[in-house]
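Chemist: Below is a structure I'd like to ask you about.
The values are calculated or read from the model by the stated rules, or taken from the named source; none is laboratory data. These numbers come from a predicted model, not from an experiment. As a convention, Cβ positions derive from the backbone with ideal geometry for all residues, glycine included, and neighbour counts pool all protein chains shown. Protein only, heavy atoms only, side chains kept; ligands, DNA and RNA dropped before computing areas. Shrake-Rupley method; radii C 1.70, N 1.55, O 1.52, S 1.80 Å.
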Amino acid sequence: MSSFVRPMFRHLIPLAHQAGIQIAVVTFSPQVKTISQVLEHLFPNFASSIPIRGHDRSWAVEGCLHGKQPHMASAIEEIYSNVPDVEITRNSTLLVDDDDNNIDVALNEGVRAIWLDPNHADDFFDDVRQLM
């Protein structure tokens, strides 16, 4: 399954972790256990610090109902419980998603978001630079 991880994420996730950036995986997939196993395989030194929120009914958040917002809110709660002095805001959060609907919802909620076009994944880094 790790072969299905986009190559850019194989490089970006360790770099983000080394820079002290908190990482979470938010997905509509119910295959949270499989995703966890893939992360453990690819990033054995820090995979356990990456919250995963999928469509598996293992978590709940009140108030946020659209797009990936509830997933992100729940993941942030877990990050706060493990790293209580970290500061996470809508402005410091970045959703990377290949579904433009999730991007629109995030942007409308004041969360930074970048659409990852699967056909033009190389454009991702240019999009990130524009946010800086």
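Chemist: From the list Gln69, Gln22, which residue is of a type outside the set (Gly, Ala, Ser), under 24 Å from Arg129 (Cα atoms) and open to solvent by less than 70 Å² (accessible area, probe 1.4 Å)?
Modeler: Matching residue, one of Gln69, Gln22: Gln69.
Residues are listed down the side, and each one gets a yes or a no for (1) surrounded by 15 or more Cβ atoms within 10 Å (Cβ to Cβ); (2) touching a strand residue (DSSP E or B) at 6+ places or on another chain (Cβ under 9 Å); (3) more than 23 Å from Gly20 (Cα to Cα); (4) among the acidic types (Asp, Glu):
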| site | (1), (2), (3), (4) |
| --- | --- |
| Gly63 | no, no, yes, no |
| Ser81 | no, no, no, no |
| Thr93 | yes, yes, no, no |
| Asp98 | no, yes, yes, yes |
| Asn102 | yes, yes, yes, no |
| Ala113 | yes, yes, no, no |
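Chemist: Quick test of your reading of the structure: Ala16 fulfils all but one of (1) without any contact (Cβ under 8 Å) to a residue 24 or more places away in the chain; (2) over 27 Å from Leu131 (Cα atoms). Name the failing condition by number.
Modeler: (2)
Chemist: Quick one: in the stretch 37-61, which of the residues that are closer than 15 Å to Gln22 by Cα and of a type in the set (Ser, Thr, Tyr) is surrounded by the fewest Cβ atoms within 10 Å (Cβ to Cβ)?
Modeler: My answer is Ser48.
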